[in-house]
Amino acid sequence: MTDHSFSMRFPAGTLALAHLAPVANGQDRYVYFHPDYPDFLFKAPKPLEAALGLETGTPMSLGMADLKNFRRLMLKLAPRSLWHPFFKESDCYLRARLSGIASDDLPIPNLYGFCDSDIGPVLAVERVAMPDEMLGRTLKSIATKGELGPDKIDMLNQFTERMFRHAIIAGDMTAANIVLGQRGMNIQFVLIDGFGDIHAIPLRSLSARINRIAMIRSFRKMGGRIGLNFDEIRLRFSDRTV
């Protein structure tokens, strides 16, 4: 069991992360683990050049290719858009918690707020993993290894039920963003990234019906990629071989 009397201490001073290698590397963000705070992961935006896939010190200029890629265009015109996912995730989390959802029933990680570090502000988030793991195994890796048995499918359906019951908005829900971990006494799947309405026109936030339709589409697409059927009426996954 985790010693929460120690591990749940929140960094009071500037957190030293610059000497650490990221434990995860997303499109726009690095994720860090600090051994003094083992229940947290710390998310930080990438430097602009890294987010654009450029060498450090590369001059920033607009090209024709940028006009065809909205993400690259926005990063070059407004570098602070690197923080856009942080705002959207925080908004999604606060809406869920203020509606009365218990922290251990959330299908997304708990967010503990921003803290200072030697690489700038970072967001402290719940580390979702099994007790013997640094990071939780993704649904994608579990499916790739052929380990999606009845017990895992049942846990995936529990996750799906929580996503719909709590009307969580997920702008980028993929099997690579869903991990398996222990939270308290429960082992469950959690969407650790890609939640919140990240779209320029926030239709999912404005319409529960549009969000539900979009989630059904996401689950159906994800099911096809991991070898499962998704029942759009019952909102449940099932093994294609059964």
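FYI, it's all coordinate maths here, none of it is from the lab. What you see is a predicted model; the values in this text were computed from it and never measured. Every residue, glycine among them, receives a Cβ derived from its backbone with ideal geometry; neighbour counts consider all protein chains shown.
What number comes out for the charge environment of Asn25, summing +1 per Lys or Arg and -1 per Asp or Glu over other residues with Cβ under 13 Å away? Write down the numbers at each step before the final one.
Details: positive: Arg29, Lys43, Lys46; negative: Asp28, Asp193.
Surrounding charge for Asn25 is +1.
Listed here are the pairs Lys68/Lys140; Lys76/Lys221; Lys43/Lys140; which of them are more than 26 Å apart at the Cα?
Numbers: Lys68/Lys140 30 Å; Lys76/Lys221 31 Å; Lys43/Lys140 21 Å.
From Lys68/Lys140; Lys76/Lys221; Lys43/Lys140, over 26 Å: Lys68/Lys140; Lys76/Lys221.
Net charge around Leu206, counting only other residues with Cβ within less than 15 Å of its Cβ (Lys, Arg = +1; Asp, Glu = -1)?
Net charge around Leu206: +3.
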Report the residues of the range 142-169 in range of a label on Arg220: point 7 Å along Cα→C-beta, backbone N strictly under 18 Å from it.
-> 160-161, 164
Pseudo-spin-label distance Asp132 to Asp105, built 7 Å along Cα→Cβ, given in nm, is 3.3 nm
Provide, as a two-decimal number, the C-alpha radius of gyration of the range 4-126 over 2.2 N^0.38 Å, N being how many residues it has.
-> 1.21
Compute the signed sum of charges (Lys and Arg +1, Asp and Glu -1) over the other residues within less than 12 Å, Cβ to Cβ, of Glu161.
-> +2
For Asn186 and Phe164, compute 0.36 nm times the residue count separating them, minus their Cα-Cα distance, and round to one decimal in nm.
-> 6.0 nm
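Just round it to a whole percent: the fraction of Cα-Cα distances in the chain exceeding 27 Å. Present the calculation step by step, with values, prior to reporting the outcome.
Numbers: 11700 of 29161 pairs.
Every Cα pair in the chain considered, those over 27 Å come to 40 percent.
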Semi-axes of the range 109-242 from the Cα gyration tensor (sqrt of 5 times each eigenvalue, largest first, whole Å) come to 25, 21, 12
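Per-residue ellipticity at 222 nm for the chain, helices alone: DSSP H runs ≥ 4 residues times -39500 (n - 2.57), over residue total, nearest 500 deg cm²/dmol?
-9500 deg cm²/dmol
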Roughly speaking, what is the stretch gain from Ile153 to Ser207, that is 0.36 nm per residue apart minus the C-alpha to C-alpha distance, in nm to one decimal?
-> 16.5 nm
Site Leu54, offset 7 angstrom along Cα→Cβ, radius 18 Å on amide nitrogen, limited to the range 69-88, gives 69-83
Which longest uninterrupted range of the chain lacks any GluC sites (Glu not before Pro) assigned by DSSP to a loop state (not H, G, I, E or B) and surrounded by at most 15 other Cβ atoms within 10 Å?
-> 148-231
Cα-based Debye curve of the range 94-136 sampled at q = 0.15, 0.22, 0.29 Å⁻¹ gives log₁₀ I(q)/I(0) of -0.51, -0.86, -1.00
First obtain the Kirkwood hydrodynamic radius of the range 181-242 from its Cα pairs, then insert it into the Stokes-Einstein equation at 20 °C and 1.002 mPa s, and state the resulting D in µm² per second as a whole number.
-> 156 µm²/s
